[in-house]
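Q: Mind looking over this structure? Questions follow.
The values are calculated or read from the model by the stated rules, or taken from the named source; none is laboratory data. A quick note: this is a predicted structure, and the numbers were derived from the prediction, not measured. Cβ sites come from the backbone with ideal geometry, for glycine too, and all protein chains shown count toward neighbours. Ligands, DNA and RNA are stripped out before the accessible areas are found, and what is left, the full protein with its side chains, is counted by its heavy atoms. Shrake-Rupley method; radii C 1.70, N 1.55, O 1.52, S 1.80 Å.
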Amino acid sequence: MFGFGVSSTAAITTAAGSTRILCATICPHSSSLITTHHFSSHFLPTTSVSSSAQRLRCVPIKAMAETASSSPGSKQALISLSDKKDLAFVGNGLQELGFTIVSTGGTASALESAGVAVTKVEQLTQFPEMLDGRVKTLHPNIHGGILARRDLKHHIEALSTHGIGTFDVVVVNLYPFYDKVTSSGGIEFEDGIENIDIGGPAMIRAAAKNHKDVLVVVDSEDYPALLEFLKGNQDEQFRLKLAWKAFQHVASYDSAVSEWLWKQSVGDKFPPSLTVPLSLKSSLRYGENPHQKAAFYVDKRLAEVNAGGIATAIQHHGKEMSYNNYLDADAAWNCVCEFRNPTCVVVKHTNPCGVASRNDILEAYRLAVKADPVSAFGGIVAFNVEVDEVLAKEIREFRSPTDGETRMFYEIVVAPSYTEKGLEILRGKSKTLRILEAKKNEAGKLSLRQVGGGWLAQDSDDLTPNDIKFNVVSEKTPQEGELRDAEFAWLCVKHVKSNAIVIAKDNCMLGMGSGQPNRVESLRIAMRKAGADVKGAALASDAFFPFAWKDAVEEACESGIGVIAEPGGSIRDQDAIDCCNKYGVSLLFTNVRHFRH
């Protein structure tokens with residue numbers, strides 16, 4: 001009952017001689033009686049009508065049943081849709097099954113246009129839509145018919161007393177808040193507020209709570225199954241599944257509203273409570289290993305709308321993506337998108353094993369594979385430029401540098417776009433080759449990572465060489481080419497698992513060492529892969545060197561490295577400086593660490 005009316009009281013003496021009090025609430029907009037309540041005389045004294053009540057206009061008192069157009073026991077379906085996809089289908093289907101269709105506003109008009117007989121909500125509520133549509137279904141005649149339990153006698157008696165009919169089906173979806181607040185043109189705050197649905201979620205939640213008696217549908221994809229169920233082809237779990245979907249639908253909707261309001265009012269990236277709505281994109285064959293079940297979900301937060309990334313990539317060809325495919329493709333794509341010049345990145349087990357930038361993308365591709373052809377075989381190849389016919393042919397026909405004969409095999413190729421001919425050629429390389437078209441990740445994303453019983457949240461690591469300063473701390477100043485090599489190596493090492501070392505020269509990764517529990521071993525792996533090309537090359541470390549003499553720094557200097565880039569910050573930084581000065585090596589401190597666990 002809403003506080004829209006005024007009340008009057010009058011003493012009535014029954015035939016038995018006991019005094020009863022009739023309390024009537026009268027709508028100021030019409031003469032219709034909204035509710036009546038009877039109280040025993042011991043609650044209120046027997047008095048004449050109060051002076052305030054005497055000033056009220058007299059109205060005819062009539063039972064609710066006389067004003068409502070439905071009665072308990074009739075088959076009713078309530079339909080109120082913002083998205084009217086397949087509305088005529090479900091409306092006609094329900095009508096053919098003998099349902100009386102109750103509807104609101106635009107939905108009612110659309111149903112009538114489709115030839116469906118409609119009872120409008122206000123005919124049941126005896127109350128007009130008001131407050132610019134904010135109030136139309138929030139009424140006992142609606143929610144009583146949804147929430148009443150059919151197995152409770154007193155519920156049914158209450159409906160009968162008030163002339164309220166039950167609803168067996170509720171078909172509702174919500175105002176397009178998500179689409180409105182993420183539209184390219186933006187939205188004013190007040191418009192956003194007006195697109196927050198109130199009546200819709202209330203009806204959905206009520207129907208879902210009472211799913212034993214009420215079928216609630218929030219997705220047009222479920223219309224055919226709904227009609228089949230009502231025809232008698234019943235699945236015992238159908239009602240429960242619809243109820244789950246309804247609550248999930250409302251929860252996702254509310255999370256979008258919450259996220260938007262937080263951003264409008266505070267804007268801090270780390271709110272005290274955070275909901276992440278996820279939508280199932282695909283069930284996977286298995287997880288990291290065949291004995292682990294797995295699935296892939298898309299992040300539906302507002303912050304992720306049009307923000308790029310592998311999750312929203314288009315797959316043009318190949319086998320379905322696996323759990324490990326997603327991880328590797330994400331690593332390759334994140335790395336290649338860091339570079340401004342045409343670049344190719346090859347990834348294996350989330351680590352870049354080959355990176356090269358050239359004006360000629362064909363040369364960049366060949367150099368990236370050459371960096372570690374053994375690891376590149378069966379890996380993921382990513383480009384930050386369009387794959388055309390010429391590049392596609394090179395990918396298809398390129399032979400392994402190890403023997404010059406074995407055609408290179410890849411799990412995935414990912415790029416921002418493909419020409420029609422380039423796509424056709426790549427499809428001919430292998431039936432299983434997964435070809436992905438992705439959009440670059442936007443900077444400033446919130447990075448989430450799960451640990452047992454909780455989540456870690458942090459800013460994404462978006463720093464590039466343009467954002468930092470490479471401070472020369474050694475006696476020798478690097479030449480311009482050496483500095484460019486150091487910047488390139490530093491950008492590569494950012495994407496290698498810690499402890500990470502990258503050796504690079506002339507915008508090409510020569511070798512990398514990753515994931516070792518000590519930095520010396522990572523250095524030795526990187527130098528072994530670089531071979532003789534280490535002479536005069538740049539070395540980048542993801543973190544500072546804890547020791548220098550007879551350790552990683554001295555070994556690097558002795559191998560012929562020309563310049564070293566590291567964050568600095570060790571209590572033994574001076575040892576590293578002295579060591580580099582002894583061997584005539586340039587040392588750069590970036591003051592930025594790039595741990596990757």
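Q: Please report, in cubic angstrom per residue, the volume enclosed by the convex hull of the alpha-carbon atoms of the chain. Spell out each step's value before the answer.
A: Working: hull volume 136.7 nm³, N = 597.
Hull volume normalised by residue count: 229 Å³.
Q: How tilted is helix 573-583 with respect to the longest principal axis of the chain? Cα atoms for both, answer in degrees (0 to 90, nearest 10).
A: 30
Q: Hey, got the dipole for the chain? About the Cα centre, +1 on K and R Cβ, -1 on D and E Cβ, debye to the nearest 20?
A: Dipole about the Cα centre, nearest 20: 1560 debye.
Q: Given the DSSP H assignment, sum -39500 (n - 2.57) over each helix run of at least 4 residues in the chain and divide by its residue total; what's the result at 222 nm in deg cm²/dmol, nearest 500? Can you show the working numbers first?
A: Working: 21 runs with 198 residues, N = 597.
Result for the chain: -9500 deg cm²/dmol, rounded to the nearest 500.
Q: Rounded to a whole number, what % of the accessible area of region 192-295 do carbon and sulfur atoms account for, probe 1.4 Å? Kindly include the intermediate steps, with their values, before the conclusion.
A: On the way: 3120 of 6030 Å².
Carbon and sulfur: 52 percent of the exposed surface of region 192-295.
Q: Now a separate question. Kindly identify region 225-321 as rounded, prolate or oblate by the Cα gyration tensor criterion: order the square roots of the eigenvalues as a ≥ b ≥ c, call it rounded if a/c is under 1.5, otherwise compare a/b with b/c, prolate if a/b is larger, else oblate.
A: Details: a/c = 2.24, a/b = 1.21, b/c = 1.85.
Since a/c reaches 1.5 but b/c is at least a/b, the shape of region 225-321 is classed as oblate.
Q: Any idea how far the Cα center of region 253-298 sits from the one of region 158-179, in Å?
A: Spelled out, the Cα-based centre of one part sits 29 Å from the other.
Q: Along each of the three principal axes of the Cα atoms of region 481-531, give the extent in whole Å, ordering the values from largest to smallest.
A: 31, 22, 12
Q: Using a 1.4 angstrom probe on heavy atoms only, work out the carbon and sulfur share of the accessible area of region 441-539 in %.
A: On the way: 2290 of 4830 Å².
Here it works out to 47 percent.
Q: Peptides 149-158, 490-499, 238-247, 76-85: what's the order by average Cβ count within 10 Å, highest mean first? Walk me through the numbers before you get to the answer.
A: Numbers: 149-158: 12.2, 490-499: 24.5, 238-247: 18.1, 76-85: 20.7.
Sorting 149-158, 490-499, 238-247, 76-85 by mean packing, highest first, produces 490-499, 76-85, 238-247, 149-158.
Q: Taking a probe of 1.4 Å, how large is the accessible area per residue of the chain, in Å²?
A: On the way: 29430 Å² over 597 residues.
Ligands and nucleic acids excluded, the figure is 49 Å² per residue.
Q: If the chain between E558 and N289 were fully stretched, how many nm would it gain, using 0.36 nm times the residue separation less the Cα-Cα distance? All intermediate terms of the calculation are to be shown ahead of the outcome.
A: Values: separation 269, 0.36 × 269 = 96.84 nm, distance 4.21 nm.
Net length gain for the segment: 92.6 nm.
Q: State whether region 329-440 is rounded, prolate or oblate according to the following rule on the C-alpha gyration tensor (a ≥ b ≥ c being the square roots of its eigenvalues): a/c under 1.5 gives rounded; otherwise a/b larger than b/c gives prolate, and the remaining case gives oblate.
A: On the way: a/c = 1.29, a/b = 1.04, b/c = 1.24.
Rounded, because the longest to shortest axis ratio a/c is under 1.5.
Q: Calculate how steeply helix 238-265 sits against the longest principal axis of the alpha-carbon atoms of the chain, using the helix alpha-carbon long axis, and give the answer as 0 to 90 degrees to the nearest 10.
A: Helix 238-265 sits roughly 70 degrees off the main axis of the chain.
Q: Same structure again: From the Cα gyration tensor of region 343-385, with a ≥ b ≥ c the square roots of its eigenvalues, which class applies: rounded if a/c is under 1.5, or else prolate if a/b is larger than b/c, or else oblate? Walk me through the numbers before you get to the answer.
A: On the way: a/c = 2.35, a/b = 1.63, b/c = 1.44.
Judged from the Cα gyration tensor, region 343-385 comes out prolate (a/c at least 1.5, a/b above b/c).
Q: Working from Cα positions, state the angle (0 to 90°, nearest 10) between the long axis of helix 480-493 and the longest principal axis of the chain.
A: 50
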